[in-house]
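**Q** Pasting a structure below so you can have a look.
Laboratory data are not the source of any read-out in this text; all were calculated from the coordinates shown. These numbers come from a predicted model, not from an experiment. Cβ coordinates were reconstructed from backbone atoms using ideal geometry, including for glycine residues, and neighbour counts include every protein chain displayed.
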Amino acid sequence: MKTVQMTLDEVLVEEVDRAAESMGTTRSAFTREALRAALARRHELDLERKHRAGYAAKPVAPGEFDGWDDEQVWPG
């Protein structure tokens, strides 16, 4: 682990402290998990952006996936 110094406004620190206490964890552990979640969400958004860009560059052609219609199972 590495210790880092951060500047946060007091209201945010108070909210984090309340949340951490209610979860039975520490400010540091809460913050680590929040940062991991934010990085995971950023990665997810980046993948979605790339996916959209791919389909924008090469859209699905009409009839391209028609052969798969019989393979789909739709809930009744």
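**Q** When Glu33 is evaluated against the numbered criteria (1) more than 21 Å from the chain's Cα centre (by Cα); (2) acidic (Asp, Glu); (3) in a helix (DSSP H, G or I), which criterion, by number, is the only one it fails?
**A** Result: Glu33 passes all but (1).
**Q** Condition (residue is loosely packed, with under 10 Cβ neighbours inside 10 Å and at positive phi) applied to the stretch 46-59: is it met by at least one residue?
**A** No, the stretch 46-59 has no match at all.
**Q** Just a yes or no: is a residue in the stretch 15-22 charged (D, E, K, R), outside any loop (DSSP other than H, G, I, E, B) and either loosely packed, with under 10 Cβ neighbours inside 10 Å or in contact with a Gly (Cβ under 9 Å, 6 or more places away or on another chain) (or both)? Walk me through it before giving the result.
**A** In the first step, residues of the stretch 15-22 are kept if they are charged (D, E, K, R); the result is 15, 17-18, 21.
Remaining after also requiring outside any loop (DSSP other than H, G, I, E, B): 15, 17-18, 21.
Those still in the list that are either loosely packed, with under 10 Cβ neighbours inside 10 Å or in contact with a Gly (Cβ under 9 Å, 6 or more places away or on another chain) (or both) too: none.
No.
**Q** Go through (1) surrounded by fewer than 10 Cβ atoms within 10 Å (Cβ to Cβ); (2) assigned to a loop (DSSP other than H, G, I, E, B) and name the single condition Gly67 misses.
**A** (2)
**Q** Kindly indicate which of Thr25, Thr7 is surrounded by 10 or more Cβ atoms within 10 Å (Cβ to Cβ) and polar (S, T, N, Q). Steps first, answer last, please.
**A** Working: Thr7 fails: surrounded by 10 or more Cβ atoms within 10 Å (Cβ to Cβ).
Every option except Thr25 fails the conditions.
**Q** Follow-up. Sort out which residues of the stretch 26-76 are more than 30 Å from Lys2 (Cβ to Cβ) and either among the aliphatic types (A, V, I, L, M) or in contact with a strand residue (DSSP E or B) (Cβ under 8 Å, 6 or more places away or on another chain) (or both), and write them in order of number.
**A** Residues satisfying the conditions are Ala53, Ala56, Ala57, Val60, Ala61, Val73.
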